[in-house]
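Please read the structure below before turning to the comments.
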Amino acid sequence: MVKSVATLLGIAQDGGVPQAGCIESCCMNQFGGPTRHRNPVALGFTAVDGSRHLFEASRTLSDQLRIWSNSDGGQLNRIDSLWITHSHLGHIDGLLQFGPEAWGVKEIPLYASESMIQLINESPNLSHLFTNGHLIPMPFIDGKEIQLGPGFSITPLRVPHRDELTDTFAFLINTNSTKLLFLPDHDSWDETLSLYSQKDPRSWFQSLFVDIVLLDATFWSGDELDGNARNIGHPVVEETLELLGRRAPSDPRIIFFHFNHTNPLLDESSAETAKVRAMGWEVARQPMTFTL
Ligand SMILES: [Zn+2]
Ligand SMILES: [Zn+2]
Ligand SMILES: [Zn+2]
């Protein structure tokens, strides 16, 4: 049976790794070069019918397209739809790559919330993407499943996050056999769980019947950024692990991603990476593929 595949095309928080202006060892090695390169988060979903759907529009698009086609064997210049969670830096800073200065695509459907579509319409440097037919606005509704093709669909789920300009969504990718939740950004477990009337992350995931969760792990602890990490939002991984405990056989796979450059989970040999794995959960690497 032909399966669909999701490819993780980036694992970093919006600033990417190395992050501009950082001279610490997380980003710069002793020779003055980059410690590592990691793209902002994005996911490529290749459906059973061969159609290809991209989640997030990052400035590293050209590298991500290469990673994606290496993974799924698909045509590098084929995208059947584009999906955006919210308007923060790394999730949208590749939008202009679809315009005439770069790729200049024709009529790719852009699925986003009403407020995200409105923001593009009202931005003088972005609105031409719609008016010149590069992207076709496809506003979605919170919780309403969108059937994209035979046997696969996407359900946008609103999550509380610093919603200055637009609201924020997670995406549930549904195939006949598997459900994958893509959740790069939310502010706190308290707010997200109360929105869905759930008592803990595990019960929320069970209510969604998810098999695989790509989960916001921006910061390991509130101590990052000289203690400012605790004021920015995003549940820290330490707290998420406390709420989850060890993985049980009935639990979904949870893969932590969307790492700030300061997050020790970027380091394969860190004690924090070992701890996540010892508890039965996973640490995202670029690239990583999931059969759905
Ligand atoms: Zn983000
Ligand atoms: Zn750094
Ligand atoms: Zn954000």
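The values are calculated or read from the model by the stated rules, or taken from the named source; none is laboratory data. Computed from a predicted model, the values in this text were never measured in an experiment. Ideal geometry is used to build each Cβ from the backbone, glycine not excepted, and the neighbour counts take in all protein chains shown. In case anyone asks, the SASA skips ligands and DNA or RNA and just uses the protein heavy atoms, side chains included. Shrake-Rupley method; radii C 1.70, N 1.55, O 1.52, S 1.80 Å.
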Self-check item: Expected-Rg normalisation [2.2 N^0.38 Å, Cα atoms] applied to the range 130-207
Solution: 1.25
Quiz item: Extension gain ARG285-THR131, at 0.36 nm per residue separation less the Cα-Cα distance, in nm?
Solution: 51.7 nm
Quiz prompt | Environment charge of GLY44, counting only residues whose C-beta is closer than 14 Å and scoring Lys/Arg +1, Asp/Glu -1 | solution = -1
Quiz item: On average, how much accessible surface per residue is there in the chain, in Å², for a 1.4 Å probe, leaving out ligands, DNA and RNA?
Solution: 42 Å²
Practice problem: For the range 5-291, just list the percent of Cα-Cα distances falling in each 10 Å bin from zero outward, please. | Solution: 6, 29, 38, 22, 5, 0
Practice problem: Please report, as a whole percent, how much of the solvent-accessible surface of the range 5-291 comes from carbon and sulfur atoms (probe radius 1.4 Å). | Solution: 50 percent
Quiz prompt | Relative contact order of the chain, defined on C-alpha pairs under 8 angstrom at six or more residues apart (%) | solution = 18 percent
Quiz prompt | Cα convex hull of the range 16-60 - mean projected area over all directions, nm² | solution = 4.0 nm²
Quiz item: If Lys and Arg each add +1 and Asp and Glu each add -1, what is the summed charge of the other residues whose beta carbon sits under 10 Å from the beta carbon of LEU135?
Solution: 0
Self-check item: Estimated FRET transfer efficiency (GLN206, ASN121; beta-carbon r; R0 25 Å; 0.05)
Solution: 0.05
Practice problem: Just subtract the alpha-carbon distance of LYS3 and SER177 from 0.36 nm times their residue separation and send over the number in nm, one decimal. | Solution: 61.7 nm
Practice problem: Please give the length that would be gained between SER194 and MET28 if that part of the chain were fully extended, namely 0.36 nm times their separation in residues minus their C-alpha to C-alpha distance (nm, one decimal). | Solution: 55.7 nm
Practice problem: Give me the percent of DSSP beta bridges within the chain that run antiparallel, rounded to the nearest 5. | Solution: 55 percent
Quiz item: How large is Rg over Rh for the range 167-292, taking Rg from the Cα atoms and Rh as the Kirkwood inverse mean of 1/r across Cα pairs?
Solution: 0.94
Self-check item: Environment charge of SER207, counting only residues whose C-beta is closer than 14 Å and scoring Lys/Arg +1, Asp/Glu -1
Solution: 0
Exercise. Give the share of C-alpha pairs in each 10 angstrom bin for the range 1-83, from 0 to the last occupied bin, in whole percents, shortest bins first.
Key: 19, 42, 23, 13, 3
Practice problem: Translational diffusion coefficient, Stokes-Einstein: compute it for the range 70-156 using the Kirkwood radius over C-alpha pairs as Rh, at 4 °C and 1.567 mPa s, and state it as an integer in µm² s⁻¹. | Solution: 93 µm²/s
